[in-house]
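One structure is given here, and the rest of the page talks about it.
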Amino acid sequence: MKEILKKEYLQSNKRKLLLIVVAVMILSITAVGYVLTFNEVVIVDGEEEFTIKTRKDYVREVLEEEEISYIPEDSITPALDTEIEDGMRIVIKRAVNIRIQADGETITLLTPVEDVEAALQQAGLLLEPKDEVTPSLGTKLEEGMTIEVTRALGCSIEVDGGSIQLLTTASNVEEALEEAQVTLGDLDRIDPELHQEIQEGLTIKIVRVKEEIKTEKQEIDFNTKRKNDSSMNR
């Protein structure tokens, strides 16, 4: 009788152990399956970069889940309605306020582009080869930045029997002459004056003035002067 009870006890324990093993396996499989439903996503927000795991389906939902706010002018890549994939990178470029001064006007922009060149393109401003831009085209945009565009103007310099055609961003005649490597003598005459502002189509005239000393030899007849002297014998 004892042997029978012992066998039944062992069989019962085996069944319990088997059930426990099966339960653990089911839980493990379920846990693995649950984990596999997560996608790993990298979010780059300006200078900040971090990795998350998410079960959300779209970029918009991921940003909402992470409580990341944005404005319509911000650039988000890929687009908000893009489906999430494992290993995806979501890049957010924040829009900044800038001003562009060009052609006598001031243009204000709220833009997410990276540098000065891209901002000018967005503003529809075309540059000629000699135009000057401050800061330079490759400069990264910053909040409150002011970009200045100086247009090159055409002028001519008449000097030494010839004419120099110049496309310049010089502010006055003196700077234009320096750019054209035209030097002035102390007595040279110039029209207009050196401080005159450069305007489109301006003609600068230079008249060379030289001071020379010439020496000439000329024979001159002697003059005879007579003077009476009473002390002398005739």
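Ignoring ligands, DNA and RNA, please state the percent of accessible area on the range 95-234 from carbon and sulfur, probe 1.4 Å. Kindly include the intermediate steps, with their values, before the conclusion.
Details: 4820 of 10890 Å².
That fraction is 44 percent.
Counting only other residues whose beta carbon sits under 12 Å from that of Lys205, what net charge do I get with K and R as +1, D and E as -1? Kindly include the intermediate steps, with their values, before the conclusion.
Values: positive: Arg189, Arg208; negative: Glu158, Asp160, Asp188, Asp191, Glu193.
So the surrounding residues net to -3.
Any idea how far apart Glu179 and Thr82 come out in nm if each label point goes 7 Å out from Cα toward Cβ?
Spacing of the two 7 Å Cα→Cβ label points: 4.4 nm.
Between Ser163 and Gln101, what is the spin-label point distance in nm, taking each point 7 Å from the Cα along the Cα→C-beta axis?
Label at Ser163, label at Gln101, 3.4 nm between them.
Highest first, please rank the peptides 211-218, 92-99, 134-141 by the mean number of other Cβ atoms sitting within 10 Å of their residues. List each step's numbers first, then the result.
Values: 211-218: 4.4, 92-99: 16.6, 134-141: 13.4.
Answer by packing, highest mean first, reads 92-99, 134-141, 211-218.
Could you calculate the contour length gain from Lys227 to Glu66, that is, 0.36 nm times the residue separation minus the distance between their Cα atoms, to one decimal place in nm? Provide the component values of the computation, followed by the final result.
Values: separation 161, 0.36 × 161 = 57.96 nm, distance 12.59 nm.
Additional length available on full extension: 45.4 nm.
At a Förster distance of 41 Å, what's the computed FRET efficiency of Lys130 paired with Lys53, Cβ-Cβ distance as r, to 0.05? Please list the in-between numbers first.
Numbers: r = 54 Å, r/R0 = 1.33.
Working from the Cβ atoms, E equals 0.15.
What are the residues whose amide H is under 5 Å from the amide H of Gln101, where those residues sit 5 or more places off or on another chain and H is modelled from the backbone?
Under 5 Å from the amide H of Gln101: Ile107, Ile147, Glu148, Val149.
Mind counting lysine pairs for me in the range 94-234? Cα separation below 29 Å, and the two need to be 8 or more apart along the chain or on different chains. Numbers along the way, then the final one.
Numbers: Lys130/Lys140; Lys130/Lys205; Lys205/Lys214; Lys217/Lys225.
Close lysine pairs found across the range 94-234: 4.
The values are calculated or read from the model by the stated rules, or taken from the named source; none is laboratory data. Computed from a prediction, not measured in an experiment: that's the story for all the values here. Here the Cβ is made from the backbone with ideal geometry for all residues, glycine too, and neighbour counts use every protein chain on show. Surface accessibility is based on the protein's heavy atoms, side chains included, excluding ligands, DNA and RNA. Shrake-Rupley method; radii C 1.70, N 1.55, O 1.52, S 1.80 Å.
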